[in-house]
Amino acid sequence: MIHSHSFEVGGKTLSIETGRVAQQAGGSVLLGMGETVVLGTATMSKNAREGIDFLPLVCDYEERKYSVGKIPGGFMKRGGRPSEKATLVSRLIDRPIRPLFPKGMRNDIQVIAMPFAVDQACPPDVLAICAAGAALAVSDIPFEGPIAGVRVGRINGEFILFPSISETNESDLDLVLAGHMGAISMVEAGANQVSEADMLAAMKFGHEAIKTICKEFAAFAKTAGKAKREFVSAEVDADLVDRIKKDSGDDVAAALVNPDKASRESALDDLSKELIAKYKEVFAENAEILKQLPEAVDKVVKGTVRKLILEQDKRPDGRKLNELRKIEATAGLLPRVHGSGLFSRGQTQVMTVATLGLPKDAQIIDGLEEEENRRYMHFYNFPPYSVGEVRMMRGPGRREVGHGALAERALRAVIPLDDPQFPYTLLLISEVLESNGSTSMASVCGSTLALMDAGIAIKAPVAGIAMGLMSDGKTYKVLTDIQGMEDFCGDMDFKVAGTKEGITALQLDTKLDGIPDHVLEAALEQAKVARLQILDIMLAELDAPRTEISRFAPQIVTIQINPEKIGALIGPGGATIKKTQAESGTEIDIQQDGRVLIASSGAEGVDKAIAIIKALTSEIEVGAEFTGKVSRLMGRGAMVEFVAGREGLVPIEHLTTRDVRRPDDVVSVGDTIKVKVFEIDSMGRVNFTALGIAQDHPNLEGNADAEPPKSFFGGGRGGPGGRGGPGGRGGDRDRGRGGDRDRGDRGGRDRDRDRGPRGDRDRDRDRGPREDRPRDEPSQHAESREERASDLSAPEVPDAFPKRARTNEDEDVNARFRPRR
């Protein structure tokens, strides 16, 4: 049976339907807004997985190009690995729903969201969170929901719910949050230096919409939902945990309090082995208890960490709750790279390297949204040695992709990508060298140092800090600058990045059902204090971007040309621009508005490229001098290529003062000579003279003091006697390099001088007298033409023409492929 329901939220209609599609899944819905339709499914395995101590949940966001009417580019039309956007949306689905499954559940659960149709006014990513929440609500899977997700933007100070892509581009805030009726459980935000108060107001605005959606989902589930299944909980025996805590709690606490991560983990590892061995002897005959021993010891360790913080404000490394670890910031550590920054916070260390490129180096994003060129990229790598482990290194996982995207979002607001005087493409790569918590925020700090070291005029330095939380349901303790153990044992990972003026990025994950508003407010204020302290340390190392771009980075000079001349600059098949780059040793990037970006490691190459580009795209003036190569020789003179793809003629009389009959008596193809524009005809063709110019060519040494003739053909530009006027040659030599220049000197002369005297010949001497016939009477020729026209469909083949006799086999040949005789 099909159940449908629609309701309004934020001025937009949200529709859900179940019972039509994917009915063998544990729960499935079609969710729509505008013309965007997303399928959400949730399915759970029949039996629990043995030997694990976590919830085996997998969330996938599946992109399909047909949803936007596209065929995938490249060779793999089926599609390959998930895109970065798909990975990030999968994380957005996972993070709010994971804490709401019952404790001890070990059944495999898979949640899939797939856009079927996409309207750019209603982006599918945040709707996928809602589709997943609705699918879980109507499914047979035990779940303490429902949950929903929303996007909040802000334009001219007004909050907008579910903004379109164009509205998001105008907004100074891009906030995605998810939660349930009680609280917010996930936040992902990018912002343009938004204040803490405004960010908190945006969260509250979004949470009101989440409450509305969850209320509708719950009502819909009562009508259309399935009965929830029973499951076997894998909870550890509480009596076993209490016994270990009572007998060995003090030993665990003593091993925990150690500022050095390696020493602390080593002591805890040794203690855990001792406890497991001890209780194996005690419960040797109870197989079920023996299986639970490792997880029970782990629970005691977590409980002890939480107790020390909640009851004694005592952290494992001895810091106060709002105290930062030791911080070191170093800019410009690496030679030759464009920019580098090394940031260390306690035993977390990240090296970020910045690389500058041309606009053409930007990444082309071909997703479900409109295509764009990504001129700023940030990638994050987490090698195994950073945590003292050994494992295979493969492609980046979801965590690496997510951390890189967070750091990229944190810095995007301060990079001058909107400045036309900043034409660079930027790639930042953060290498985690040591890890003990908060590596993503260390990447933000290292990236700021790298950008300033590269000479990028960022609008403001950005720093990041990770906040934690310990709670027993009544007491909440917010922790500044959490380390790995506090993240593992705690209830919240709240990352905040920003400048002195405001927030540029947020990310919130929690293991609780949700975080109350007053706790979020306290965490934001505590994070601001820490962020400002970190910025002071970073600015003590490098207080402003370096005054010049790194000398190892491409030096880019921008010139403006007439957009109509872009074709002349590119040349046929790109030949002209390729030759220009090769000759000048530069890289050239042409923009559609006529801006030409020239990149080179030296000023000499840039100057040469500018001269070539101006010669190709500017109007050539009489008197302009060039140095070019002889490209062709003809009877009339020598053709000289003065810029890539553009030639001019040097007639023999303007080539040398010597009496020569042919140009190859003086120069050869490939010789370099100096020329001056002597004349430009009405068709824009350039004529050169090599006289009156000091030459390096040995056969032209006497040219410096020579006076060029007054005119090539007795006329100026386009005048009588010139090539563009009456009596001129009239040939168009500039229609391609294959033009006919070799017909000799014809202008103003007798074109028939070699034909001999013709005298007064009778033009009709061979035609004979005409017959007098009426005008209306058709001629014999006209009749024959009509006869031939009527018989065109079956032309006669002369007898002398070799003709193959047709056989029976020819009748079976498709006429479309039979040669026509």
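Couple of notes before you dig in:
- Of the GluC sites (Glu not before Pro) in the range 245-334, those whose Cβ has at most 12 other Cβ within 10 Å and which sit in DSSP loop: 285
- Farthest toward the positive end of the dipole of the chain, out of 466, 33, 656, is the Cα of 656, where the dipole comes from beta carbon charges about the Cα centre.
- P(r) weight above 17 Å for the range 449-501, C-alpha pairs, percent: 51 percent
- Fraction of C-alpha pairs exceeding 23 angstrom in the range 173-275: 63 percent, rounded to a whole number.
- Peptide ranges 640-649, 700-709 listed from the most packed, as the mean C-beta count within 10 angstrom indicates: 640-649, 700-709
- Mean Cβ neighbour count within 10 Å, used as a protection proxy, ranking 443-453, 340-350 highest first: 443-453, 340-350
- Using a Förster distance of 30 Å, the FRET efficiency for residue 35-residue 204 (Cβ separation, nearest 0.05): 0.50
- When the Cα positions of 292, 190, 122 are compared along the charge dipole of the chain, 122 comes out farthest toward the positive end, with charges on each C-beta of Lys, Arg, Asp and Glu.
- Between amide H atoms placed 1.01 Å from N, distances below 5 Å from residue 374 occur with 363, 364, 365, all of them 5 or more places distant or on a separate chain.
- Along each principal axis, Cα extent of the range 12-68, largest first, Å: 45, 24, 22
- Measure of compaction for the range 371-500 (Cα Rg per 2.2 N^0.38 Å): 1.18
- Degrees separating the helix 261-282 axis from the principal Cα axis of the chain, which is the longest one: 50 degrees
- Estimated FRET transfer efficiency (residue 273, residue 64; beta-carbon r; R0 51 Å; 0.05): 0.55
- Rounded to 10°, Cα long-axis angle of helix 780-790 versus longest principal axis of the chain: 20 degrees
- Max-minus-min Cα coordinates of the range 207-266 on each principal axis give 54, 30, 18 Å, with the largest extent listed first.
- Simple spin-label estimate for residue 49 and residue 6 gives 4.1 nm between the two label positions (7 Å along the Cα-to-Cβ direction from each Cα).
- 3J(HN,Hα) couplings calculated from phi for the range 562-569 with the Karplus curve 6.51 cos²θ - 1.76 cosθ + 1.60 (θ = phi - 60°) are, in sequence order, 5, x, 5, 8, 4, x, 5, 6 Hz; Gly and Pro show x.
- Extension gain for residue 75 to residue 547 (0.36 nm times residue separation, less C-alpha to C-alpha distance): 165.4 nm.
- P(r) tail fraction, the range 366-441 - alpha-carbon pairs more than 13 Å apart, %: 72 percent
- The fraction of all Cα pairs in the range 432-580 landing in successive 10 Å bins from 0 to the largest distance is 10, 29, 22, 14, 12, 9, 4, 0, given as whole percents.
- Percent of beta bridges antiparallel (DSSP, the chain, rounded to nearest 5): 90 percent
- Note that the range 241-248 has calculated 3J(HN,Hα) couplings of 4, 4, 5, 5, 5, 5, 7, 10 Hz, one per residue in order, obtained from phi through the Karplus relation 6.51 cos²θ - 1.76 cosθ + 1.60 (θ = phi - 60°); glycine and proline are x.
- D (Stokes-Einstein, µm²/s), Kirkwood Cα radius, the range 530-682, 0.890 mPa s at 25 °C: 133 µm²/s
- In this structure the amide hydrogen of residue 179, modeled in the peptide plane, comes within under 5 Å of the amide hydrogens of 148, 185, none closer than 5 places in sequence on its chain.
- Distance (nanometres) between label positions extended 7 Å along Cα→Cβ at residue 399 and residue 603: 5.1 nm
- Among the chymotrypsin sites (Phe, Trp or Tyr not before Pro) in the range 1-108, those placed in a DSSP loop whose Cβ has at most 15 other Cβ atoms within 10 Å are 54, 75.
- For the range 403-459, alpha-carbon Rg relative to the globular expectation (2.2 N^0.38 Å, N residues): 1.17
- Whole-number accessible area per residue in Å² for the chain, which is evaluated in the context of all protein chains at 1.4 Å: 51 Å²
- Computed from label points 7 Å out along Cα-Cβ, the spacing between residue 13 and residue 320 is 5.8 nm.
- Spatial offset of the range 419-474 relative to the range 526-542 amounts to 12 Å, using the alpha carbon center of each.
- Extension gain (nm, one decimal) between residue 390 and residue 158, 0.36 nm per residue minus Cα-Cα: 78.4 nm
- Around residue 518: net Lys/Arg minus Asp/Glu count, Cβ-Cβ under 14 Å: -1
- Using θ = phi - 60° in the Karplus curve 6.51 cos²θ - 1.76 cosθ + 1.60, the 3J(HN,Hα) couplings for the range 538-548 round to 5, 6, 5, 7, 8, 7, 7, x, 4, 5, 10 Hz; x is entered for Gly and Pro.
- Measure of compaction for the chain (Cα Rg per 2.2 N^0.38 Å): 1.41
- Area projected by the alpha carbon convex hull of the range 243-385, averaged over all directions, nm²: 15.0 nm²
- For residue 429, net neighbour charge (Lys/Arg +1, Asp/Glu -1) across residues whose Cβ lies under 13 Å away: -3
- Computed [θ] at 222 nm, deg cm²/dmol, the chain (DSSP H ≥ 4; -39,500 (n - 2.57); rounded to nearest 500): -9500 deg cm²/dmol
- Note on residue 608: lysines with a C-alpha under 25 Å away, same-chain residues under 8 apart excluded, are 360, 565, 578, 579, 629, 674, 676.
The values are calculated or read from the model by the stated rules, or taken from the named source; none is laboratory data. Here the structure is a predicted model, which means the values were calculated and not measured. Ideal geometry is used to build each Cβ from the backbone, glycine not excepted, and the neighbour counts take in all protein chains shown. What goes into the accessible areas is simple: the full protein's heavy atoms, side chains included, and nothing from ligands, DNA or RNA. Shrake-Rupley method; radii C 1.70, N 1.55, O 1.52, S 1.80 Å.
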